[in-house]
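As structure tokens, the structure follows; a few thoughts come after it.
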Amino acid sequence: MNIRDYNFDGKKAIVRVDFNVPIQEGKITDMTRINGAAPTLKLILEKGGSLIIMSHMGKPKGKKKPELSLSQIVDAVSQTLGVPVKFAPDCADASEAAAQLKKGEVLLLENLRYYPEEEGKPVGIDKEDPAYDAAKKEMKARQKDFAKKLASYADCYVMDAFGTAHRKHASTAVIADYFDADNKMLGLLMEKEVQAVDNVLKNIKRPFVAIMGGSKVSTKIGIIENLLGKVDKLILCGGMTYTFSKAHGGEIGESIVELDKLDVALGVEELAKKNGVELVLGSDSVCCTGYDFSTFSVKPGAQIKVFPSNAIEAGWDGLDAGPDSREKFAKAIEGAKTILWNGPAGCFECEDFTAGSRAVGEAIAKATAEGAFSLIGGGDSVACVNKFGLADKVSYISTGGGALLEAIEGKVLPGVAAIKGE
């Protein structure tokens, strides 16, 4: 069912959104995800429906943690929708609150992940334990019951949480089993996300340039290998730089490295060469003698200096792309017609190490202005474009991190398959 064609008049719609927003001292620091879901929620209200909104926040792992309560975002959601939002303090005990909803009213459920049934994984038992399989089977049954309970609150189900679409959770996929095809649908944000991925993978205009950042090769290897069969140029930056440098015998000081992935790095280079892909790696790095990763700040008395990425002295930590690297990245992006960016080029949270990510973002914005389609995905990349004031200068900002990567890898997303019946 297409959400635009559905008759919501007098009906209750339970909508899975991704309101896992960053909160500091009780205040939301980035409204991207709430704003992204707003069009779907407003459409349902405009068409005469009432809303039951459900989401997770953080990783409470089945425990009720006040700092991860969705009660903190009630006011922000109310302001965004322009109507008062009621709150159900227990997502599994909201039958009465849902039943009392009138046309145009909104109910926000408490954090779904307060219940282990949401994720459907056994708690407190190791996978090596002989009893694990039985515990897993029991949890899957409990997950179905949890999903059935959530489904009982409403007449129809709308999936609009792309950020969790790659997870087969109770609220993202299992719940769809309790609605027929005419009463379950993708939200407007999901439609846009799926279309954005299609634009990158199915409607490629060349040159196609992808920028992959972040700290570890291991978390990105699947997407890197997949992209090497599609892109013309692949820029690898961030902490991954030092695993590649080390693989060639370089000195990387105290920089992050995956010593067990050196062969993987060399394999990536070989695959790029085989596929005729230009692989662009950083040549120099902005380094520091004392960086506090917990506060994203330079420790008192610490020094900052630029080194070649393969000749970093002992005691120094590579934290950002250096001036030569930034120039290389910008030149590689110049003239691109399709661009994908996932992962920063450095520790952008600290002003001393923003230059690499800013250079990438500005080069993407320039290429977009010249006609490129640019897709930005992943929490840190989104934070970068927002921090640098470039959000309105790129084609599309995805609300999904892992989901976007899995979609680009070609994997079927459970949250989409559950609606489409795939």
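Any read-out appearing in this document is the output of simple, stated calculations on the displayed coordinates, not a laboratory observation. Here the structure is a predicted model, which means the values were calculated and not measured. Note: ideal-geometry Cβ built from the backbone for every residue, glycine included; neighbour counts use all protein chains shown.
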At the level of C-alpha centres, the distance separating segment 14-37 and segment 140-216, in angstrom, is 17 Å
Going from the fewest other Cβ atoms within 10 Å to the most, one would list Tyr242, Tyr114, Tyr178 as Tyr178, Tyr114, Tyr242
Helix 32-46 sits off the longest principal axis of the Cα atoms of the chain, rounded to the nearest 10 on a 0 to 90 degree scale, by 30 degrees
With x for Gly and Pro, the residue-by-residue ³J(HN,Hα) of segment 241-256, computed from phi through the Karplus equation 6.51 cos²θ - 1.76 cosθ + 1.60 at θ = phi - 60° and given in whole Hz, is 3, 7, 5, 5, 5, 5, 4, 9, x, x, 9, 10, x, 9, 5, 4
The set of residues whose placed amide H lies less than 5 Å from the amide H of Ile211, leaving out same-chain residues fewer than 5 positions away, is Ile235, Leu340, Trp341, Asn342
Segment 12-189: Kirkwood hydrodynamic radius (Cα pairs, Å) comes out at 16.5 Å
Across Asp198, Asp392, Asp292, the residue with the highest GNM fluctuation in the chain (Cα network, 10 Å cutoff) is Asp292
Pseudo-spin-label distance Asp93 to Met31, built 7 Å along Cα→Cβ, given in nm, is 3.4 nm
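Could you calculate the contour length gain from Lys411 to Gln303, that is, 0.36 nm times the residue separation minus the distance between their Cα atoms, to one decimal place in nm? Don't skip to the end; give the middle numbers.
Working: separation 108, 0.36 × 108 = 38.88 nm, distance 4.44 nm.
Extra length available between Lys411 and Gln303 comes to 34.4 nm.
Does segment 204-408 classify as rounded, prolate or oblate by the C-alpha gyration tensor (a ≥ b ≥ c root eigenvalues; a/c under 1.5 gives rounded; else a/b over b/c gives prolate, otherwise oblate)? Display every interim value, and only then the final one.
Details: a/c = 1.74, a/b = 1.25, b/c = 1.40.
Judged from the Cα gyration tensor, segment 204-408 comes out oblate (a/c at least 1.5, b/c at or above a/b).
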For the pair Ser152 and Lys64, the simple spin-label estimate (label points 7 Å beyond Cα toward Cβ) gives in nm 1.9 nm
Diffing segment 116-128: the Karplus 3J(HN,Hα) column from phi (6.51, -1.76, 1.60, θ = phi - 60°), in whole Hz with x for Gly and Pro, holds x, 4, 4, 7, x, 10, x, 10, x, 9, 7, 4, 7
The value for the chain (convex hull of the alpha-carbon atoms, volume per residue, Å³) is 154 Å³
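For each of Phe293, Phe87, Phe8, count neighbouring Cβ atoms within 10 Å of the residue's Cβ, then give the residues from fewest to most.
Working: Phe293 12, Phe87 18, Phe8 21.
So the residues, fewest neighbours to most, are Phe293, Phe87, Phe8.
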Label model pair Glu270, Ser218: point-to-point distance (7 angstrom along the Cα→beta-carbon line) in nm is 2.1 nm
Which of Lys63/Lys216; Lys202/Lys274; Lys202/Lys393 exceed 27 Å between C-alpha atoms? The answer is Lys63/Lys216
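Among Thr29, Thr241, Thr172, which comes first, second and so on when ranked by fewest other beta-carbon atoms within 10 Å?
Values: Thr29 11, Thr241 32, Thr172 29.
Taking fewest neighbouring Cβ atoms as first place, the list is Thr29, Thr172, Thr241.
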Inter-part gap, Cα centre of segment 315-334 to Cα centre of segment 55-82, in whole angstrom, is 38 Å
Contact order relative to length for the chain, counting C-alpha pairs under 8 Å separated by 6 or more residues, stands in percent at 15 percent
The ³J(HN,Hα) series, computed from each phi in segment 274-283 with the Karplus coefficients 6.51, -1.76 and 1.60 at θ = phi - 60°, rounded to the nearest Hz and given as x for glycine or proline, is 4, 8, x, 9, 7, 8, 10, 10, x, 9
Here the Cα Rg-to-2.2 N^0.38 Å ratio for segment 329-400 is 0.98
